[in-house]
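Notes follow the structure.
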Amino acid sequence: MSASKTILFATIFGLGIGLGIVGSKYIGNENSPSQSTQTDDEKKPLYWQAPMDKSFRSDTPGKSPMGMDLIPVYAGADGTDDERNLVRINPTVENNIGVRTAIVSSNNTSPIIETVGTIQIDDDNTSVVDVRTEGWIENMPVKAIGDEVRKGQLLFKLFSRPLVSAQDEFLQAAKMGRQNLITATRARLLSLGMSNREIARLKETGKSIRLMNIYAPRSGIVTEMGAGEGGFVKPGMNVLKIVDLKTVWAIADVFEDQVHQVHPGQTVYMRMAGMPSREWEGKVEYIYPTVNAKARTVQVRIGFDNQDGLLRPEMFARLIIKTETNMPDMEMPSTVAIPREALIRTGRSERVILALGNGQYQPAEVVSGQEIGDDIEILSGLKAGEKIVVSAQFLLDSEASLRGTLLRLTPTSQETTDMDMDLPDTGKTMGEVISIMPEHGMVTVDHPAIENINMPAMIMAYSTEPELLKKIKVGDHVNITVVTKPGEDGNYRLSDIVKMDMGGEKKQ
């Protein structure tokens, strides 16, 4: 090329650069060619991955081994710390995995406890009929369990030889006129079960009574029979048990982490499966002091009126305890609540998945409170009006955790201990290559636990230098060095990966 042509080309090139600089100064960024190119690059997927198996990746769109559409991963999707656990999915995938959302609500609803229980006999309305001397039952009108009796009704007649002998002794003492003997024999008759009225009649008639009448102490239903007509009875034996079913108890089971909300006097609503249109209202009477060690529940006793007799012992009941009804003057504070199914509980934290719109989802750590029917109170981490996921949230949570490892693998600030701070920067182990994308610097390795950095055994996708992957292929056994701090892309990094030979030594 001649010198004149070279000078002309350099002049044109410099003029073009100058015009580009001047143009970029006065033309908005949205028209900038460089930004247009960058936008195009950002819209171009880096790769496609399976929605339920992050280790499966492909350079082209298609189907996962489970038959689901692969999800595109774009440049910059995980480029900042704020977006490391942000999940982006397209509308088709949203529909396929059944994502449903709900709005976080705020209300003043009183907390309730829903539980189950059984109808039991009210022990306060129960009487046991027994005898104070041995003998035989004669003339017993009550024939079977379930018979209804009235207070003062004759239950049976008792023949007792000791009682007849005691009557004769009393009459003899009365004839003799010895007051001290009369007092002694009278006391014996009382101890054997005779009433003052019967003793007065005995003295008046002067003849002993062969059969002593036993009367019902209360009205009710006979629920137990210890002996029938002609049977032999003795002291300490329960001959009959009479229960007044005009009132009954419901014994409810309340979980130990909810029982602190229950207090005597609270209103309880009860329904029976066999009578769905009927509702009973009762009051909490007593909270038992012990915990069922197997079920982790505490029993609560609730009293109900049963004038119509529809409630029978051992019936199964569903109960709703209004936990604030014993404090009517207290104004209920505003409560932030979400459906119980939306809460994700782990051993170390609680979280929900926020629906940010435009196919974007992100986990948020929360602190839950007491349950309110089908909802659960949220003490912190959410505010009314936010949208959360109530279905398929575990899939989204898994995606966010694998992509960002912010909530599942990294302790929160409250959970960080001095031991965590003393962990080394790297850990070494061996493993097997499951998948690899050398051009993107991505490799998935199945490896055992790395004890010195507290990493469990797992199949994990790592980022590394593409140069280190040139001689690595799927199925190779490798030695890896894991860096404990995730990289800027949110993935754990390998500072070294070396292929091993069959004997377990590094290949040179």
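The Cα atoms of segment 131-238 give a gyration tensor whose axes a ≥ b ≥ c have a/c of 1.5 or more with a/b greater than b/c, which makes the shape prolate. With a threshold of 25 Å on the Cα-Cα distance, the over-threshold entries among K143/K246; K143/K234; K151/K283; K63/K499 are K151/K283; K63/K499. As a proxy for reagent exposure, V483, V478 were ordered by neighbouring Cβ count within 10 angstrom, fewest first; the result is V483, V478. Ordering T126, T183 from the fewest to the most neighbouring beta carbons within 10 Å gives T183, T126. Of K473, K157, the sequence from fewest to most neighbouring Cβ atoms within 10 angstrom is K473, K157.
Values quoted throughout were computed directly from the atomic coordinates according to the rules given, and no laboratory measurement underlies them. Note that this is a predicted model, so its numbers are computed, not measured. Every residue, glycine as well, gets a Cβ built from its backbone with ideal geometry; the counts of neighbours run over all protein chains shown.
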